[in-house]
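What follows is calculated from the coordinates using simple rules that are stated; it is not laboratory data. Worth saying up front: this structure is predicted, and the values here are computed from it rather than measured. Counting neighbours? That spans all protein chains shown, and the Cβs are built from the backbone with ideal geometry, glycine included.
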2 protein chains.
Amino acid sequence: MTVEQLTEEERATWLSALPQWSLSRAGAAIERKFEFADFSEAFAFMTRVAMIAETRDHHPEWFNVYNRVEITLTTHDAGGLSLRDVKMARKIDALVA
Amino acid sequence: MTVEQLTEEERATWLSALPQWSLSRAGAAIERKFEFADFSEAFAFMTRVAMIAETRDHHPEWFNVYNRVEITLTTHDAGGLSLRDVKMARKIDALVA
């Protein structure tokens, strides 16, 4: 299945709807940093994200130390950002809304 | 509770007992990379490590993308490597032995 990279215009439109995410890797990815009360809460969040990732077959690149989680989303098959990243970001945002 | 940093000699001795871990951050940390069949296996491993971490109140710095997990252990309270990192590394090794 081909995954289409977002055009520059689509990217700008979607990013304005995801104010807590920022572009990284020269526009090829988006990232957001999260902070929780402690490791237990951070890992509980990661577990929920992992389930979303597995369900959608779209996996994050992420880093955790204690109560901090940094998530980067990109679509390797598209060589950059795709709608899959945007949809995933919205799902993740909903977990902490 | 004071956590003592390992001496250079202790570090060398312990590292020889942890052949799959390598020194990083100028000797202040150890790290190991793991590879699994897929994300599901990688995250299952991470969940087990998270439980060990929480039980010991000693948490890793770690990165995951799909089937790869990179773990870095250091003891912030000691300003470098301590026996807590060594013990944690052995517990983690036992999960994948």
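Remarks
- Taking amide H as placed 1.01 Å from N in the peptide plane, the amide H of B:S24 sits under 5 Å from that of B:A29, B:I30, B:E31, each at least 5 places away or on another chain.
- Compactness of chain A as Cα Rg over 2.2 N^0.38 Å, two decimals: 1.05
- Computed over the range B:1-46, the ratio Rg/Rh where both radii use C-alpha atoms and Rh is Kirkwood: 1.12
- Whole-number D in µm² s⁻¹ for the protein assembly as shown, Kirkwood Cα-pair radius fed into Stokes-Einstein, 10 °C, 1.306 mPa s: 88
- For B:T2, net neighbour charge (Lys/Arg +1, Asp/Glu -1) across residues whose Cβ lies under 14 Å away: -1
- Per-pair calculated FRET efficiency, R0 = 35 Å: B:T2 and A:T55 via Cβ, rounded to 0.05: 0.15
- Amide H contacts under 5 Å for A:G80: A:T75, restricted to partners 5 or more places along the chain or on a different chain, H placed in the peptide plane at 1.01 Å from N.
- Relative contact order (%) - chain B, alpha-carbon pairs under 8 angstrom, separation at least six: 35
- Residue and distance (whole Å) for the chain A Cβ nearest the axis that superposes A on B: A:F63, 2
- Spin-label model distance (nm) - A:D77 vs A:K91, 7 Å beyond Cα toward Cβ: 1.4
- Mean-position separation - Cα centroids, the range A:66-93 and the range B:26-97, in angstrom: 24
- Counting only whole DSSP H helices of chain B, the ones at least 24 Å long by C-alpha along their axis and with mean Kyte-Doolittle hydropathy no lower than 0.5 are B:39-56.
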